[in-house]
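Shown next, in structure tokens, is the structure this report addresses.
The values are calculated or read from the model by the stated rules, or taken from the named source; none is laboratory data. These numbers were taken from a predicted model, which means no experiment stands behind them. Heads up, the Cβs are rebuilt from the backbone with ideal geometry, glycines too, and the neighbour counts pull from every protein chain shown. In case anyone asks, the SASA skips ligands and DNA or RNA and just uses the protein heavy atoms, side chains included. Shrake-Rupley method; radii C 1.70, N 1.55, O 1.52, S 1.80 Å.
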Amino acid sequence: MDRLNRFRTAAAISAITVSAAAAQPAKPRARDLGIAPGVYATGALNAITDVEGVRVGHTTIVQGDTVRTGVTAIVPHGGNVFQEKVAGAVFVGNAFGKIAGSTQVAELGTIETPIVLTNTLSVGTAVDAVARYTIAQPGNEQVRSVNPLVGETNDGGLNDIRGFHVTRDHVLDAIRSATGGAVAEGAVGAGTGTICYGWKGGIGTSSRKLDRTGYTVGVLAQTNFGGNLVIAGVPIYRTLQPPSRRSADRSQGDIDRASGDGSCMLVVATDAPLDARDLRRLAARAVFGLGRTGSSYSNGSGDFAIAFSTAAEMRSRFNETAPRTRTVLPTDATSPLFEAALEATEEAVYNSLFAATTVRSSNGTAEAIPIERVRELLKSR
């Protein structure tokens, strides 16, 4: 009975914590502060879900004073992804991290499952869950090989990562709850326990719509990396530092520049008919986009991007062997898409910071970046 009571108490604490976070007023996004990177307009939602058919789901896990973690799932289209594989690619900026399934994507140029993001030690659990989800889909009764695509960042600074708190059901819930529409940002899903530039990071998203072609590029970021924060070209780090980075001798204005170690997972979606080669180049631009925000790309940072095209003509059907005609965007037409990926990545990082709320646990605290102070610094530029 005591054990049951302890379980109920922990569950109640978790529910209270999540409800309190949900009750907070909506925080501004980058655009609300006048920050509009680049030259292209955003999609209607300014989110990865502006790419038609893309859905996003989160499972946020907050328990007691130790667990701050979660799962984020990105589903490329509304059909059976295994039967209608999307063209895809992975770009590795720095490989201090893990993307399960990346070698098959590199070899075949296709993605055949939802993309799942979680914490470092929960990759195995997520792989198991995605494989089980896939073989359970109607039409996949004879499937005997599945390539789950799972990425991670290490949230051990705020989360009891060694406790392996992410379960199969958490992953399945994120996939099954994935929807179109606005995407929750900040300390949610796989961003629940992440830290970015010493501030509370999390999930951020943004999109760009190309005026001439009508193609859309959307980016979702799981931010957990370091460096020296720059916003809209303003070196924020010179004036504003999180408590964890402030020097004991503040009178001299010295800054304790903490390690840039960490990771960032980026997912890039587009409806442009790109093949795997150009999708890898598109993914690379997303990683490059982190540089606009001040990323140091340190030795200990895993910087990865996954890109896919939702274009129906670029899909590969399971067991397809007959030749068919495809419309593929020529290489010389990709530059606007590359620029869009740079812009959307930069803004997604900002959104992950601005949407985040302060998170405390027995492991430590990550403060939300003070938005009003940022606003002042941007006005004084």
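Quick check on region 315-367: what does the Kirkwood estimate of hydrodynamic radius come out to from the alpha carbon pairs, in Å? Display every interim value, and only then the final one.
On the way: mean 1/r = 0.0627 Å⁻¹.
Hydrodynamic radius (Kirkwood, Cα pairs) of region 315-367 is 15.9 Å.
Just to be sure I understand: with springs between alpha-carbon atoms less than 10 Å apart, which residue in E185, E313, E112 has the highest mean-square fluctuation in the Gaussian network model of the chain?
Largest GNM mean-square fluctuation: E313.
Rounded to the nearest whole Å³, what is the per residue volume of the convex hull around the Cα atoms of region 183-338? Each step should come with its number before you reach the end.
Working: hull volume 22.6 nm³, N = 156.
Looking at region 183-338, the number lands at 145 Å³ per residue.
With a 1.4 Å probe and all protein chains kept in place, how much accessible area does S177 have, in Å² rounded to the nearest 10?
Accessible area, nearest 10 Å²: 60 Å².
Hydropathy at least -1.0 by Kyte-Doolittle, axial extent at least 15 angstrom from the Cα trace: which helices of the chain, defined as entire DSSP H runs, fit?
Numbers: long enough: 2-23 (31 Å, 0.49); 123-135 (18 Å, 0.88); 276-289 (20 Å, -0.01); 335-355 (30 Å, 0.36).
What comes out of the filter, once short or polar helices are dropped, is 2-23, 123-135, 276-289, 335-355.
Provide, as a two-decimal number, the C-alpha radius of gyration of region 71-142 over 2.2 N^0.38 Å, N being how many residues it has. If you can, show how the numbers build up before the last one.
On the way: Rg = 12.6 Å, N = 72, 2.2 N^0.38 = 11.2 Å.
In units of the 2.2 N^0.38 Å rule of thumb, it is 1.12.
What 222 nm value per residue comes from the helices of the chain, counting each DSSP H run with n ≥ 4 as -39,500 (n - 2.57) and dividing by all residues, nearest 500 deg cm²/dmol?
-8000 deg cm²/dmol
At q = 0.10, 0.16, 0.18, 0.20 Å⁻¹, what is the log10 ratio I(q)/I(0) for region 38-170, with the Debye formula run over Cα points and no solvent?
-0.37, -0.90, -1.08, -1.23
Take T179, T325, T66 and sort them by solvent-accessible surface of the protein heavy atoms, 1.4 Å probe, largest at the top. Mind showing how you got there, number by number?
On the way: T179 75, T325 130, T66 50 Å².
Putting T179, T325, T66 in descending order of accessible area: T325, T179, T66.
Distance in nm between label sites at E313 and A41, each 7 Å beyond Cα in the beta-carbon direction?
Each label point is offset 7 Å from its Cα along the Cβ direction, giving 2.5 nm.
What ³J(HN,Hα) values, in whole Hz, does the Karplus curve 6.51 cos²θ - 1.76 cosθ + 1.60 give for region 71-81 when θ = phi - 60°, with x put for Gly and Pro?
9, 10, 10, 10, 9, x, 7, x, x, 7, 5
Regarding region 48-96, what whole-number volume in Å³ per residue does the convex hull of its Cα atoms give?
Working: hull volume 7.1 nm³, N = 49.
Spelled out: Cα convex hull of region 48-96, divided by residues, is 146 Å³.
Just to be sure I understand the curve: with the Debye formula and one point per C-alpha of region 119-161, what is log10 I(q)/I(0) at q = 0.19, 0.32, 0.34 Å⁻¹?
-0.61, -1.07, -1.14
Roll a 1.4 Å probe over the protein heavy atoms and report the accessible area of F288 in Å², nearest 10.
The accessible area comes out at roughly 110 Å².
Between D32 and D261, take the C-beta separation as r, use R0 = 30 Å, and let me know the FRET efficiency to the nearest 0.05.
On the way: r = 31 Å, r/R0 = 1.03.
It comes to 0.45.
Using 0.36 nm per residue of separation minus the Cα-Cα distance, give me the extension gain between R277 and T179 in nm, one decimal.
Details: separation 98, 0.36 × 98 = 35.28 nm, distance 2.85 nm.
The span from R277 to T179 would gain 32.4 nm if fully extended.
Mind checking which of G139, G156, G93 has the largest fluctuation in a GNM of the chain, springs on alpha carbons under 10 Å?
Residue with maximal mean-square fluctuation among G139, G156, G93: G139.
Quote the convex hull volume per residue of the chain, based on C-alpha atoms, as a whole number of Å³.
Details: hull volume 53.1 nm³, N = 381.
For the chain, the hull spanned by Cα atoms encloses 139 Å³ per residue.
Stick to Cα atoms and the Kirkwood definition of Rh, then tell me Rg/Rh for region 101-192.
Details: Rg = 14.0 Å, Rh = 14.3 Å.
My calculation puts Rg/Rh at 0.98.
Give, in nm to one decimal, the length gained when the segment between T331 and D169 is fully stretched (0.36 nm per residue of separation minus the Cα-Cα distance).
Details: separation 162, 0.36 × 162 = 58.32 nm, distance 4.17 nm.
Result: 54.2 nm gained on full extension.
Taking only Cα atoms of region 22-104, what ratio of Rg to Rh do you get with Rh as the Kirkwood inverse-distance radius?
On the way: Rg = 17.3 Å, Rh = 17.0 Å.
Ratio of gyration radius to Kirkwood radius: 1.02.
List the lysines whose alpha-carbon lies under 25 Å from that of K200, not counting same-chain residues fewer than 8 positions away?
Partners found: K27, K98, K379.
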